[in-house]
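The values are calculated or read from the model by the stated rules, or taken from the named source; none is laboratory data. The shown structure was predicted, so the numbers you read here are calculated from the model rather than taken from an experiment. We place every Cβ from the backbone using ideal geometry, glycine too, and count neighbours over all the protein chains shown. The protein model used for the area step is the full one, side chains on, heavy atoms only, and it has no ligands, DNA or RNA in it. Shrake-Rupley method; radii C 1.70, N 1.55, O 1.52, S 1.80 Å.
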Amino acid sequence: MELSKSRPKRKAVCAQNLPKLEAKDNEKENQFLIKEEPGIDRISRRLKERTNNLDMKTSAIKCEPSEEEPGLKKCKWEPANWKEHFELIKQMRSGLSAPVDSMGCDTLSSIDAVIEPRTRRYQCLIALMLSSQTKDEITARAVIELQKLPLDVETILQTDEGKIASAIYPAGFYRRKAQYIKKTTQILKEKYDSDIPNNIDELCKLPGVGPKMAYLAMSCAWKKTVGIGVDTHVHRISNRLGWTKKETKTPEQTRKELEEWMPESLWYEVNHLLVGFGQEICRPVGPKCANCLCKDLCPTGKESSTRPKKTKRKAVKIEFENENYCK
């Protein structure tokens with residue numbers, strides 16, 4: 001038996017003789033050229049590549065110079081198409097007359113021709129307290145009834161609580177609000193010389209006054225806009241339009257979300273704008289999405305347009321030839 005020929009031995013190949021391979025950056029736009037560097041292993045190179053990819057993603061976020069630290073940039077989130085939303089709502093509101101336009105808390109004035117500035121501020125605060133969970137028409141009627149007393153600190157302190165409750169009826173929770181009006185008026189008399197506080201913290205300490213009322217009181221009574229007054233309309237519409245990063249549960253959460261990105265020059269206008277829009281078009285129940293100019297940019301409007309319409313079932317009358325037919 002012949003022995004099989006032995007295979008020739010392979011020559012050892014030195015790593016130094018191998019050609020170096022480098023990735024070309026012109027094959028794909030987002031690939032980076034990674035060269036061999038001394039002291040960098042495979043894991044370090046992967047981490048470096050991931051860091052480069054992350055830098056590309058974060059470069060698309062809008063950043064602004066930070067006022068607190070000039071050397072740093074502060075990234076700012078903005079909702080998509082919010083400027084278009086704002087202009088379209090302004091366009092719709094210009095042709096609509098909502099209850100807030102004629103009966104809002106900032107438009108309710110005394111029946112007297114001349115009124116003292118602090119009394120006017122007091123009336124503005126009382127109107128805001130009455131507006132909670134109450135329509136503007138009923139709030140305006142209640143304020144007018146109180147103005148017949150007339151509506152000032154000294155008169156309210158001398159008026160019986162039951163009479164105040166009767167004057168503001170049928171405002172929501174009118175008995176509780178009558179208690180709040182008496183207690184708040186007493187505090188204003190003792191601590192603020194019959195005027196109202198000029199800051200948010202002290203306003204919120206008054207009985208029956210919440211954050212929304214406090215911010216609106218600063219804007220309407222003191223002519224100082226320090227925040228956005230968010231009521232049920234502003235809260236609802238902001239969530240429908242996607243003006244918050246995530247769905248908010250309370251108006252106070254909505255206020256904080258809006259103030260993070262909305263320019264301060266719009267803080268005073270946005271409340272009046274959205275309240276009237278919510279009263280006439282973007283209603284809580286049965287919104288008029290078909291008549292809304294934002295329907296193509298609004299997530300809720302798009303959903304309502306693609307939703308199949310319900311068809312009314314027609315009643316079918318069955319007549320039997322035999323009148324004596326029984327089931």
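Those residues that are buried (at least 20 other Cβ atoms within 10 Å of the Cβ) and either at pLDDT 95 or above or more than 21 Å from residue 87 (Cβ to Cβ) (or both), I need them from the stretch 281-291; list them, please.
Passing the criteria: 281, 282.
Taking the stretch 123-165 only, how many residues are farther than 21 Å from residue 276 by Cα, in contact with a Phe, Trp or Tyr (Cβ under 8 Å, 6 or more places away or on another chain) and open to solvent by 20 Å² or more (accessible area, probe 1.4 Å)?
Total meeting the criteria: 1.
Tally the residues that are of a type in the set (Gly, Ala, Ser), open to solvent by less than 60 Å² (accessible area, probe 1.4 Å) and part of a helix (DSSP H, G or I), restricting the search to the stretch 238-280.
Residues meeting the conditions: 3.
Anything in the stretch 108-122 that is at pLDDT 85 or above, of a type outside the set (Lys, Arg) and either in a loop (DSSP other than H, G, I, E, B) or surrounded by 17 or more Cβ atoms within 10 Å (Cβ to Cβ) (or both)? List them, or say none.
Scanning the stretch 108-122 gives 115, 116, 119, 122.
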